[in-house]
1. Given Cβ point charges of +1 (Lys, Arg) and -1 (Asp, Glu) and nothing else, what value in debye, to the nearest 20, does the dipole of the chain about its Cα centre take?
2. Starting at the first residue of the stretch 256-261, write each ³J(HN,Hα) from the Karplus equation 6.51 cos²θ - 1.76 cosθ + 1.60 with θ = phi - 60°, in whole Hz, x for Gly and Pro.
3. Could you go through the stretch 338-344 in sequence order and give the Karplus-derived ³J(HN,Hα) for each residue, using 6.51 cos²θ - 1.76 cosθ + 1.60 with θ = phi - 60°, rounded to whole Hz, and x for Gly and Pro?
4. When the helices in the chain are scored as -39500 (n - 2.57) per DSSP H run of 4 or longer and the sum is shared across all residues, what 222 nm value do you end up with, to the nearest 500 deg cm²/dmol?
5. Taking residue 206 as the anchor, which aspartates and glutamates have their alpha carbon closer than 20 Å to its alpha carbon, excluding any fewer than eight residues away along the same chain?
6. What is the packing order of peptides 65-78, 150-163, 129-142, taking the mean over residues of other C-beta atoms within 10 Å and listing the highest first?
7. Quick check: from the Cα gyration tensor, does the stretch 42-199 come out rounded (a/c under 1.5), prolate or oblate?
8. Lys/Arg Cβ at +1, Asp/Glu Cβ at -1, dipole of the chain taken about the Cα centre: which of 1, 85, 223 is farthest positive-ward?
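Nothing in this text is a laboratory measurement; each read-out follows from the coordinates by a stated rule. This structure is a prediction, so every number in the text was calculated from the model and none was measured. All Cβ positions, even for glycine, are placed from backbone atoms using ideal geometry, and neighbour counts span all protein chains on display.
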Amino acid sequence: MRIIAIVFVVLIHTDPFQGINTYGNVINFGTKTISRFAVPFFFITSGYFFALKTSNRDSATYLTKRAFKLVSLYLFGLVLVVPTFLGGKLAEAELSGRSPHATATSSVIEFLDPVELVYYGTSVSEILWFLPALLFSLLFVHLVTAIGKPSYVLPVAVCFHLVGLLGSTYTMFVDVPFEIRDAIFFGFFYTSLGYTIYTRAWEPSKEKSRSLFGLVVLFAVLQFVEFYALGYPLRGELFGSYVYAPSYGISTALLSASLFLFILSRPTLFADTPLPEWGTYAVGIYVTHPTVFAILRAFRETLESMGHTIDSKIVWHLVLTPATLLGALAVYLLAHRLRLIEIGGSHFPGEPWLRNRRSN
């Protein structure tokens, strides 16, 4: 299931058919809306396994181990994306006549903003925000359970998430003057949901899988209705005039939870397919695809500046998502081959190479 969810994550970023025409915007709205389960699904899964792995051992020890893995993935992503994004800014400066030196200095300062870099994970690429958010979400779950209140994890997280919904999707009710797509207002809720599913033994039996699948379909439809109503009738806009794509809504929690429970009810689902093996590469594709996507986007902009309007061509939109996925996989496998990282092992950039040098 991980590799399927990653495909939907990439679809969110590549915006297939957006801007071609009204029908293209409608297709993109549908694609982005159905894809919104993917990131919550990863948070829920992480929370579930956090509860599973710490049920008979010290949670602080497991959290420390998990933190090292997440930090290493984040650093690996930054090592890849910083040169790409910095090169893009320098190219823009050159074309606009601005000083490359001043641009490089301001970009580095922007990249090193401590809050954006460490907590929000958006100082370089907004796509990498998930890794710091997951780390802090797990930390929040651990802190609540460490004070002896594990039953409070989900209720506390729900309160924060309601603020997040008001600050992002339901902005017509209140103006929340700070960033809410982060750990405390988003990731904490979904991580605690996964944690609670395990600790309260909500795992469904196989006999309930059909009912759960029905709920998945129902809540998927409900999410379309919610996002459509919020994005068009309530704003007085025509459907397809633009793409309304919030990160999440009330229905997103219902859809993500029902899908996760359905997967739990069918543990052998996809077992006889290559998908479980491909799932090994899911996190690597996530970490490397911002760089690949940025390169493809720069290629598109270069062609556009030369008068080739490929962004309005259907073939470009058909190719962009597969190219991003396959390019990200190729970069990940190459990094493994060069021993910059180790698939299934350390992702601290260069650590496998240094370890091999010491052993020789």
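1. My answer is approximately 1120 debye.
2. 5, 5, 5, 5, 5, 5
3. Here the 3J(HN,Hα) series is 7, 6, 6, 9, 9, 4, x Hz.
4. -22000 deg cm²/dmol
5. 272
6. Per-residue Cβ counts within 10 Å, averaged per peptide and sorted highest first, yield 129-142, 65-78, 150-163.
7. oblate
8. Value computed over the given set: 1.
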